[in-house]
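Note sheet for the following structure.
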Amino acid sequence: MDKERKISKNKYRFVEPGDNYEDYSSGRVLYGAPGATNFSVRLISEIFQRCAEYLNSKGNSGPFVIYDPLCGAGYSLAVLGLLHGSSIKSIFASDVDSILLEFANKNLSLVNASGLDKRIEELKVFVEKYTKQSHKDALESAYRLRAKIASHSSIDERAFHADILDETLLPSFLLGVDIVITDLPYGKLTSWGGMGDDATATRTLLDKLHDRLHGPAIAAISSHKQQRLEYDADTYHEIMAFTLEKRNIVLLEPTGPPPTPTPPPH
Ligand SMILES: C[S@@+](CC[C@H](N)C(=O)[O-])C[C@H]1O[C@@H](n2cnc3c(N)ncnc32)[C@H](O)[C@@H]1O
């Protein structure tokens, strides 16, 4: 049975409107991939903090294991690692696109000191070689981010290939994910690879994720307003739904036993 959802308009609760996120811009310190979408920094931060608040209220105070099964170039997860690293233990990322995964690996490396130090060395070479203001700005941003992450412990991070719609099981190291945080493919830049409709695809995705989420845990799914999101009310319980920056976001908590897998959409 599908649950009818009421999505309410909402305001940012954790993020201040005037906050400056230029250090996190794609292509500055974080690597930008051709054809990859970049999620709003403000919005991903807000979603993460709402998830953390809910898990805290349920006695799970973190640090959290987070996973994006549609990670693209890993931009959102890398931003979270840089912004909220002290609340994060592990970051896992997967995608069906091998080229984007190469960027995801590079971006995730930046959430730890060793990766950011390497990036600083790379940017120093660019500054010397090309004397461009953009490289100087990127280097300044990298130093600021390096100072910011100095206080958090090292984060275990891994990006791997997985088709979230096929019948293979997700790897066993994913057992015990606290927060799945993801943005559904939409439009020309990213799609479900031509497989099925949104509703069937998201149902398959949520079914596949279910046994990797050990309560209290959350799946935070962001979609465009035009997209339909379906889930089985016996397997997920809706914690909240809100609309920000033209995205619908729903926070779901797994309930009950793992569902019988939905056949992959055709
Ligand atoms: C909206 S983008 C995600 C953006 C990403 N969260 C970020 O931070 O940049 C959606 C991603 O879903 C991936 N995708 C589409 N179908 C997939 C599937 N069946 N399994 C895994 N990934 C898939 C696409 O390759 C694309 O990178």
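The values are calculated or read from the model by the stated rules, or taken from the named source; none is laboratory data. Since we're looking at a predicted model, the values are computed, not measured. Cβ coordinates were reconstructed from backbone atoms using ideal geometry, including for glycine residues, and neighbour counts include every protein chain displayed. Side chains are part of the model used for accessible areas, which takes the heavy atoms of the whole protein and leaves out ligands, DNA and RNA. Shrake-Rupley method; radii C 1.70, N 1.55, O 1.52, S 1.80 Å.
Relative to the longest principal axis of the Cα atoms of the chain, the long axis of helix 133-149 lies at roughly 60 degrees. Solvent-accessible surface of the stretch 6-82, averaged per residue with a 1.4 angstrom probe and all protein chains in place: 42 square angstrom. Extension gain for THR131-ASP117 works out to 3.0 nm (0.36 nm per residue, less the C-alpha to C-alpha distance).
Between GLU53 and TYR143, what FRET efficiency follows from the Cβ-Cβ distance if R0 is 30 Å, with the result rounded to 0.05? With a Förster radius of 30 Å, E is 0.45. Per residue, the stretch 113-153 exposes 64 Å² of solvent-accessible protein surface, assessed with a 1.4 angstrom probe and all protein chains in place. Once you list every other residue whose beta carbon is under 14 Å from the beta carbon of VAL125, what net charge do they have if Lys and Arg are +1 and Asp and Glu are -1? The answer is +2.
Against the main long axis of the alpha-carbon atoms of the chain, helix 98-109 sits at an angle near 60°.
How fast does the stretch 113-153 diffuse by Stokes-Einstein, in µm²/s, taking the Kirkwood radius from C-alpha pairs at 37 °C and 0.692 mPa s? Please report the intermediate quantities before stating the final value.
On the way: Rh = 10.4 Å.
After rounding, the answer is 317 µm²/s.
Surface composition of the chain: carbon plus sulfur atoms contribute 51% of the solvent-accessible area (1.4 Å probe, protein chains only, all chains present). Of THR182, THR202, THR235, which is the most mobile in a GNM of the chain whose springs link Cα atoms less than 10 angstrom apart? Of the options given, THR235 has the highest mean-square fluctuation. Within the listed set THR243, THR200, THR131, the Gaussian network model of the chain (springs between alpha-carbon atoms below 10 Å) gives the highest mean-square fluctuation for THR131.
Please work out whether the stretch 79-137 counts as rounded, prolate or oblate from its C-alpha gyration tensor, where a ≥ b ≥ c are the square roots of the eigenvalues and a/c under 1.5 means rounded, while otherwise a/b larger than b/c means prolate and anything else oblate?
oblate
Taking label points 7 Å from Cα along the Cα-to-Cβ direction, SER25 and GLU167 give a separation of 4.8 nm. A Cβ-based charge dipole, computed about the Cα centre of the chain with Lys and Arg at +1 and Asp and Glu at -1, lands at about 840 debye. For the stretch 58-75, 3J(HN,Hα) computed residue by residue from phi via the Karplus equation (6.51, -1.76, 1.60; θ = phi - 60°) reads 9, x, 9, 9, x, x, 9, 9, 10, 8, 10, x, 10, 6, x, 7, x, 4 Hz, glycine and proline entered as x. Accessible area per residue (1.4 Å probe, heavy atoms of protein chains only) ranks TYR130, TYR236, TYR21 as TYR130, TYR21, TYR236, with the largest value leading. Using equal-weight Cα scatterers in the Debye expression, the normalised intensity of the chain in log10 at q = 0.08, 0.12, 0.13 Å⁻¹ is -0.31, -0.70, -0.82. Annotation: amide H-H contacts under 5 Å for VAL96 (H modelled 1.01 Å from N, sequence separation of 5 or more, or interchain): ALA162. The Rg/Rh ratio of the stretch 46-147, with both radii computed over alpha carbons and Rh defined as the Kirkwood radius, is 1.05.
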